[in-house]
Amino acid sequence: MGGITQLGYVGFAVSDPSRWEQYATQVLGLAVSRRCADGGFSLRHDEQEQRLFIRPGTADDLDVLGFEAADVDAFAELAEHLAVADARVEFGSEVEAQQRGVQRLLRFEEPGGLTCELYVGPLQAAAPFRSDVVRGGFVAGAQGFGHLALRARDMATSTRFFCDVLGARLSDRIITRIGDMDVHITFLHWNERHHSLALGEGLPKHIHHFMLQLRDVRDVGLALDRMVDHGVRVVQTLGQHPNDKMVSFYSETPSGFEVELGWGGRTITEGWLPETHGVWTEWGHRPPAQLARASGRR
Ligand code: FE
């Protein structure tokens, strides 16, 4: 097959790493896999040793996206494509590759100005993943980390870059109005996960939200309970999107951007035809204040 097989890891630069550690392990249910001397750490949610890198920083934003190349030949071919596309390619050192737990890596810049990495050969963990709070585990593996909504400076330029240079395929689009805002989201996939990236313009940060998919719908409900128990702000109630059909809710992370926890997303199948949807939710995904107001009415 060649090319990129998945969005394999994600990194955040955060102002409060210790709060993030508590949030990621006790609320989201990830497991710490490595610690760094600078107070940063990495987390896992499946058999891959490192899926989420947290480093101390003031941005409270996305720091890096890691894309996995199928093999060393695909890595070399993609490196050439990136160089031709003037994506500021820099090969990483052996030490940098070791820190990411991969055999080889290079850095490049995507059109939105975010540093990304292309890597090959991720390290698998010695022990199976387990979490004290998530019973059924996460959908990751060959589908990669999850998905992420990324800021595009210009939708057409970013879509061309991810599709033509990095081999993404269009899943679908949502073009709608939310409140008084025109919203246009482009969804891209590299494997059977409905989308690994969603591109949107006009976002205040590189990231709007990241999504982790649970295997068992009960873990979505339990995660919602944990948000309430830990005093975490829920941003959107349970709902279902028209395109990936994920049943999910959104809440705030310690960095202000959001996390979506979902279950039951549909996968890309042979002969997939991209559509444009005119709504962004089929049901639910309401601001909790609406529920509060409705329950105040008798
Ligand atoms: Fe999402």
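Using C-alpha pairs below 8 Å separated by at least 6 residues, the relative contact order for the chain is 17 percent. When the helices of the chain are scored as -39500 (n - 2.57) per DSSP H run of n ≥ 4 and the total is divided over every residue, the value at 222 nm lands at -5000 deg cm²/dmol. Per-residue 3J(HN,Hα) values for segment 33-48, derived from phi via the Karplus relation 6.51 cos²θ - 1.76 cosθ + 1.60 with θ = phi - 60°, read 10, 8, 10, 10, 4, 7, x, x, 7, 10, 10, 9, 9, 7, 7, 6 Hz in sequence order (x marks Gly and Pro). A simple count of charges around Ala13, restricted to other residues whose Cβ falls under 12 Å of its Cβ and scoring Lys, Arg +1 and Asp, Glu -1, yields -3. In a DSSP loop and with at most 15 other Cβ atoms within 10 Å, the chymotrypsin sites (Phe, Trp or Tyr not before Pro) in segment 213-298 are Trp272. Determine the distance separating the Cα centre of segment 81-146 from the Cα centre of segment 192-231; give it in Å without decimals. Comparing the Cα centres of segment 81-146 and segment 192-231, I get a distance of 19 Å. Which residue, Glu201, Glu260, Glu49, has the most motion in a Gaussian network model of the chain that connects Cα atoms within less than 10 Å? For the chain, modelled as a Gaussian network with Cα springs under 10 Å, the answer is Glu201.
Once all protein chains are placed together, Met246 keeps about 10 Å² accessible to a 1.4 angstrom probe.
For Val14, the amide hydrogen comes within under 5 Å of the amide hydrogens of Arg55, Gly57, Asp60, counting only partners 5 or more places away or on other chains and with H modelled in the peptide plane.
Residues whose amide H falls under 5 Å from that of Leu105, counting only those 5 or more places apart or on a different chain, are Gly92, with hydrogens built in the peptide plane. Among the trypsin sites (Lys or Arg not before Pro) found in segment 32-136, those both in a DSSP coil and sparsely packed, with 16 or fewer other Cβ atoms within 10 Å of their Cβ, are Arg88, Arg130, Arg135.
All Cα-Cα distances of segment 44-143, cut into 5 Å bins from zero to the largest, leave 2, 11, 19, 22, 19, 14, 8, 3, 1, 0 percent in each bin in turn. Along its three principal directions, the equivalent ellipsoid of segment 141-296 from the Cα gyration tensor extends over semi-axes of 26, 18, 15 Å, largest first.
Set the Cα radius of gyration of the chain against 2.2 N^0.38 Å, with N its number of residues, and you get 0.97. Taking Thr253, Thr115 and ordering them by how much accessible surface each has at a 1.4 Å probe, largest first, produces Thr115, Thr253. Here the gap between Ala59 and Glu47, fully extended at 0.36 nm per residue and compared with their Cα-Cα distance, gives a gain of 1.4 nm. Note on surface exposure: Thr176, Thr269, Thr157 rank Thr269, Thr157, Thr176 by accessible area, highest first, 1.4 Å probe.
The values are calculated or read from the model by the stated rules, or taken from the named source; none is laboratory data. Here the structure is a predicted model, which means the values were calculated and not measured. Ideal geometry is used to build each Cβ from the backbone, glycine not excepted, and the neighbour counts take in all protein chains shown. Ligands, DNA and RNA are stripped out before the accessible areas are found, and what is left, the full protein with its side chains, is counted by its heavy atoms. Shrake-Rupley method; radii C 1.70, N 1.55, O 1.52, S 1.80 Å.
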